[in-house]
Amino acid sequence: MREAKPGHIPGALELSDETRDRLAELRAVSEKAEAGDKDARRELRRLVRSSSPEVIGRAADIGRRAGRILADTAAGGDPLVEEALYAKLDAMRGEIAGENPTPLEVLLTERVVSLWIFTALLEVLVSAQYHKRLSAGAERSSPSYIVQQSRILDSATRRYLAAMRELARVRKLQANTPAVQQNVQINLDNGR
């Protein structure tokens, strides 16, 4: 059993110990396959196909991977900022998904979180061009480049807001869906 971190609140998106162990096993075989071991590639294929949906989902979670890449980029080589961003992304996933999220809520949560860090990073990159003093060796970008980056930021912001709206809409629809449907028959012939 893993030891709980101080202040850690377990959430619905956390992996079970069994899933963690299986992912570690898959990663070890994957490293052998990446090194060119053809038998390891066949073994990896067999292991993946016999894995639980939770294992396959986490191994194929490119949204989470993209978030880590963006966090690494935003950190600019600062390990503290990088680790803090990883922790922030995990905390956001837990907060946004809430308790017992549906699979659709999990997908939309991942979209909201990945677009949050993407949008935040784009805002930093665009706003850095407006800073009075650039860091040593840095050059100011051309106005056309800044306009292009601003358009990309605008597009990312619209997608981010749309993902949040969709998540809210899904939750509203789920809240309005009755758990049990009842049919009621009313006799209007007044006993005739």
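Rank-order 108-114, 22-28, 91-97 by packing density, defined as the average count of other C-beta atoms within 10 Å over each peptide's residues, highest first. Kindly include the intermediate steps, with their values, before the conclusion.
Numbers: 108-114: 21.9, 22-28: 14.7, 91-97: 17.4.
Final packing ranking: 108-114, 91-97, 22-28.
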In nm, the gap between the two label points placed 7 Å beyond Cα toward Cβ at residue 31 and residue 66 is 2.8 nm
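Sorting check: for 51-64, 140-153, which peptide has the highest mean count of neighbouring beta carbons within 10 Å, and how do the rest follow?
The peptides rank, most packed first, as 51-64, 140-153.
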Restricting to aspartates and glutamates and to Cα separations under 19 Å from residue 172, and discarding same-chain partners fewer than 8 apart, the set is 95, 99, 105, 110
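Throughout, read-outs are computed from the coordinates displayed, never taken from laboratory work. It should be emphasised that the depicted structure is a prediction, and the values quoted were computed from it without experimental measurement. Because the Cβ atoms are built from the backbone with ideal geometry, glycine has one as well, and the counts that use them run over all protein chains shown.
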